[in-house]
Amino acid sequence: MTQTRKQDVSMRKQAFARRTATRIWSEEASIHNPYLATRALCHGYDLHELMAKRSFVDVFYLLFRGELPGSAQAQLLQTLMIALINPGPRHPATRAAMNAGIGKTNPLHIMPIAASLLGGEHRGGAEVEAAMRFLAKYQGSDPCVVSRSAMLQEMDAAAKETSVTPGFGKHYGGVDPMAATMARQILALEGAGRSLKWAEKLVASLLPHGIGWLMTGLAAAVFTDLGFPPRVGACLFQLMGCPGLLAHGLEMANQPINAMPFVSDENYVIER
């Protein structure tokens, strides 16, 4: 068995790195204990100086983008972070957090359980990634032409959850008023860029059909304007909603199990 493993490694014809490397973080080891750090740098910026002179949003942007944001970028990111801080009790991920809490799950496990749903294709990070790729592909085109093409492809306009394009569609059968209001607020910011403005024109052409902004589309447009790649934007959407998920889960963790409804037997359907 040992001989086989050695042959497999040699057949790869590639050398593995001798040490793990990162461009994100650098630490200076203590002269007394090399496993302890005396100084840390985030993309070259001293962490102690960042603590003293910069906001959390600035350092958050720095961590993922490798550079500090300008004031307009920081304001745009902070506004989105507040908008996404809690998906709300109607969101499946929040319901998962509440169920985990009321079921006496270890509180340390509530957020990972709920975050897995917030990364999904329905109102989650995967939809944000798809929306960012859609914006990158089409924002050079006429949004009215794009919307007409999308409507021609839509075969079931009466569906309650119709997503004509990733990040834009119907929410419980209608236009999401919260997403629309937040979009207007964010579009008024100095940092609102090409993607947000193009998406707003797309929405204007879709509204007569009862289709508008979804929170995933709004997040996608902001992340695109801030320069985040699609896969990073998907993860950041998931991350930014975690405080709300955790808050709801912890709230229910202190409640008796009958504080939430229990589905009655007639609502269970077993398909054969």
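The values are calculated or read from the model by the stated rules, or taken from the named source; none is laboratory data. Everything quoted here is computed from the prediction, not taken from an experiment. Cβ coordinates were reconstructed from backbone atoms using ideal geometry, including for glycine residues, and neighbour counts include every protein chain displayed. These area figures cover heavy atoms from the full protein model, side chains too; ligands, DNA and RNA do not enter into them. Shrake-Rupley method; radii C 1.70, N 1.55, O 1.52, S 1.80 Å.
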Specify which of the listed residues (Ile102, Ile31, Ile85, Ile24) is among the β-branched types (Val, Ile, Thr) and surrounded by fewer than 11 Cβ atoms within 10 Å (Cβ to Cβ).
Ile31
Do we have any residue at all in region 55-70 that's hydrophobic (A, V, I, L, M, F, W, C), over 30 Å from Ile257 (Cα atoms), open to solvent by 20 Å² or more (accessible area, probe 1.4 Å) and in contact with an Asp or Glu (Cβ under 8 Å, 6 or more places away or on another chain)?
yes
Hits in region 251-272 - residues which are in a helix (DSSP H, G or I), open to solvent by 70 Å² or more (accessible area, probe 1.4 Å) and under 30 Å from Ala83 (Cα atoms)
Glu251
May I ask you to list the residues in region 197-247 that are outside any helix (DSSP H, G or I) and surrounded by fewer than 24 Cβ atoms within 10 Å (Cβ to Cβ)?
Gly210, Gly212, Leu226, Gly227, Phe228, Pro229
Residue pairs, Cβ under 9 Å, 6 or more apart or interchain, first in region 79-92 and closer than 18 Å to Pro177 by Cβ, second of a type in the set (Phe, Trp, Tyr) and open to solvent by 40 Å² or more (accessible area, probe 1.4 Å). List them.
Arg90/Tyr172
Among the candidates Ala136, Ala150, which residue alone is at pLDDT 90 or above, assigned to a helix (DSSP H, G or I) and either exposed (fewer than 15 other Cβ atoms within 10 Å of the Cβ) or among the hydrophobic types (A, V, I, L, M, F, W, C) (or both)?
Ala136
Does Gly191 satisfy the criteria of being in contact with a Gly (Cβ under 9 Å, 6 or more places away or on another chain), surrounded by fewer than 23 Cβ atoms within 10 Å (Cβ to Cβ), farther than 30 Å from Gly101 by Cα and at pLDDT below 95?
no
Here, helices (runs of 4 or more DSSP H) confined to region 5-88 with at least 2 residues that are among the aromatic types (Phe, Trp, Tyr) are 56-65
Does Leu218 satisfy the condition of being out of contact with any strand residue (DSSP E or B) (no Cβ under 8 Å at 6 or more places or on another chain), of a type outside the set (Ser, Thr, Tyr) and under 21 Å from His91 (Cα atoms)?
yes
